[in-house]
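Read the structure below first, then the notes.
The values are calculated or read from the model by the stated rules, or taken from the named source; none is laboratory data. Here the structure is a predicted model, which means the values were calculated and not measured. FYI the Cβ positions are ideal-geometry reconstructions off the backbone, even for glycines, and counts take in every protein chain you see. Protein only, heavy atoms only, side chains kept; ligands, DNA and RNA dropped before computing areas. Shrake-Rupley method; radii C 1.70, N 1.55, O 1.52, S 1.80 Å.
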Amino acid sequence: MSEHINTLAAAWQHLEASVISYENRPIGTVAAADNEVAALNYDQCFIRDFVSAALVFLIKGKPDIVRNFLLQTLKMQMKERQLDFLEPGRGLMPASFKVVNDQEQGEQYLLGDFGNHAIGRVTPVDSCFWWVFLLRAYVQATGEYSLAHQPEFQKGIRLIIELCLVARFDLYPTLLVPDGACMIDRRMGINGHPLEIQSLFYTTLRAAQELLLDNKENSYIIQAVAKRLPPLVEHIRHHYWLDLHRVNVIYRYKSEEYGEEALNQFNIYSDSIPYDQLSRWLPENGGYLAGNLGPSHLDCRFFSLGNLMAVMSSLTSEEQSQKIMNVIEARWDDLIGQMPMKISFPALRERDWQVLTGCDPKNRPWSYHNGGNWPVLLWMLAAAALKTGRGEIAKNAIEMAARRLPSDNWPEYYDGRNGRLVGREARKYQTWTISGFLLAQEIINHPEYLSLVCFEA
């Protein structure tokens, strides 16, 4: 017990040491503090990375850093319509920012990265979703609704929702995005309608309903959100869902069907589904949401963040949520292994790896995004487990992480079929690894904090 307490204390010290300031105020945390390698962009504060740290600060009674973060990132949001392809779209939030100290001018300013400096130059789609998620958590934790009700915050939320609901080139209730638009920010064959984005999109719509004032200025947005939610839920719960019953239905699909009454609405070719793998891997009482869905495409990989967020936000039904947790419990060695937890399963291999990742050496099979184990997912696993009354899953995962993370110096990710190897290119003292562990422990110790990250049905 004393060893575990010491681990928590050391983790908290590392988290506090990662804080960066702007104008003498704490504003965020660096992505990693690994002094053994070049900083590159790990000395910046990423919106998605900061969320777990921000939640820990809120729980620990340190809301100022979160408030400052929300205020300053809102100022960086694109506010004007852009017709120039070199400029980010209106409403978009940066992926990250850094504090720049201009010695010559004697000034300090924030420089946001909207993907123009990222590997692959991918614009972040998920940053604005995580920002709204964190704003809701801040309000829940502090009761400071007045912050979210300020005109600039109301406008910021509206711009994000407008960006999501704008007319586009498809007719699905889900969002069409490119590869690399979320936590998996490299080419991994998830372009189209990846589950992670859909779960975050749903969460954002739910949060917007809570945060937007019911006034004339917001009325059209509130109506649009209310109209979008039911078909989005129905679409995800039905078309993305995979259990043995659903697999049997897909197995007998007929292709080239026309009209609204078609059973195989997305023209999925049965031979493209790995039935042998699914029929052996899926437990009788288990199921999960597929990784992607589009014309003639059903990605049957298990993506953890999308499934866990679907449980936390009640995007899945209660029965589906329980079945997702059944899969995690029954396939512990595959999805948890020696370090919670796999970001995706199974890994792309051989020809699939070559074609879908472009022979990405960082995403070799069972490495990084391609079947690597990411400790940051521990907090989401804890929240989903506690929400579904499966606390033992979270406790076992936390105990496993506590045995390894400190001695491995809090790495970014783990490699290998069972996550036994510290990632080949993993940064040490990765901030969201540290904060994810702390947050998972706080959620287990204080279930009342679930309200910060979860939504009721």
| request: With r as the distance between the Cβ atoms of Glu350 and Gln223 and R0 = 41 Å, compute the FRET efficiency 1/(1 + (r/R0)^6) and round to 0.05. | output: 0.25
| query | Taking the Cα-to-Cβ direction at Glu260 and at His446 and moving 7 Å from each Cα, how far apart do the two end points lie in nm? | reply | 5.1 nm
| request: Label the stretch 1-61 by shape, choosing from rounded, prolate and oblate, from the square roots a ≥ b ≥ c of the eigenvalues of the Cα gyration tensor; if a/c is under 1.5 it is rounded, and otherwise prolate applies when a/b is larger than b/c, oblate when it is not. | output: oblate
| query | Using alpha carbon centroids, what distance separates the stretch 102-168 and the stretch 15-45, in Å? | reply | 19 Å
| field | Length-normalised contact order of the chain in % [C-alpha pairs under 8 Å, at least 6 apart] | value | 15 percent
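Which value, in Å², gives the accessible area per residue of the stretch 224-304 when a 1.4 Å probe is used on the protein heavy atoms? Could you put the intermediate results ahead of the total?
On the way: 4260 Å² over 81 residues.
About 53 Å² of surface per residue is accessible.
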| task | Would you tally the net charge around Pro63, using a Cβ to Cβ cut-off of less than 13 Å, leaving Pro63 out, and scoring K and R as +1, D and E as -1? | result | +2
| query | What length, rounded to one decimal in nm, is gained on full extension from Glu162 through to Gln108, with 0.36 nm per residue of separation minus their alpha-carbon distance? | reply | 16.2 nm
| field | log10 of Debye I(q)/I(0), alpha-carbon scatterers only, for the stretch 1-147 at 0.15, 0.19, 0.21 Å⁻¹ | value | -0.84, -1.24, -1.41
| Residues of the stretch 23-137: accessible area per residue with a 1.4 Å probe, Å² | 48 Å²
| query | Roughly how many percent of the accessible protein surface of the stretch 21-167 is carbon and sulfur, given a 1.4 Å probe and a whole-percent answer? | reply | 48 percent
| request: Taking each pair of different alpha-carbon atoms in the stretch 258-298 once, compute 1/r for the pair, average those values, and report the inverse of that mean as the Kirkwood hydrodynamic radius in Å to one decimal. | output: 12.0 Å
| query | Just from its helices, what would the mean residue ellipticity at 222 nm be for the chain, if runs of 4 or more DSSP H residues each count -39500 (n - 2.57) and the sum is divided by every residue, rounded to the nearest 500 deg cm²/dmol? | reply | -14000 deg cm²/dmol
| remark: The size of the Cβ-based charge dipole (Lys, Arg +1; Asp, Glu -1) of the chain about the Cα centre, to the nearest 20 debye, is 240 debye
| field | Normalised contact order of the stretch 322-457, rounded percent, pairs of Cα under 8 Å and 6 or more residues apart | value | 27 percent
| note | Once the dipole of the stretch 99-214 is set up from charges on Cβ (+1 Lys and Arg, -1 Asp and Glu), the residue from the list Leu211, Pro173, Pro124 lying farthest towards its positive end is Pro173
| field | Extension gain, Ala10 back to His149 (0.36 nm per residue minus Cα-Cα distance, nm) | value | 46.3 nm
| note | Here, Ser270 and His297, labelled 7 Å along Cα→Cβ, have an inter-label distance in nm of 2.4 nm
| said: List the GluC sites (Glu not before Pro) within the stretch 84-183 that DSSP assigns to loop and that have no more than 11 neighbouring Cβ atoms inside 10 Å. | reply: Glu104
| field | Carbon/sulfur fraction of accessible area - the stretch 314-359, other protein chains in place, 1.4 Å, % | value | 41 percent
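Would you mind calculating the relative contact order of the stretch 120-275 from Cα pairs under 8 angstrom and at least 6 residues apart, reporting the percent as a whole number? Walk me through the intermediate numbers first.
On the way: 130 pairs, mean separation 34.7, N = 156.
This gives 22 percent for the stretch 120-275.
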| Using a simple charge model, +1 on the beta-carbon of Lys and Arg, -1 on the beta-carbon of Asp and Glu, nothing else, what dipole does the stretch 139-271 show about its Cα centre, in debye to the nearest 20? | 60 debye
| field | Whole-percent pair-distance distribution, where bins are 20 Å wide, for the alpha carbons of the chain | value | 25, 60, 14, 0
| request: Return a single number: how many Lys pairs in the stretch 321-457, at a sequence separation of 8 or more or on separate chains, have alpha-carbon atoms below 25 angstrom apart. | output: 10
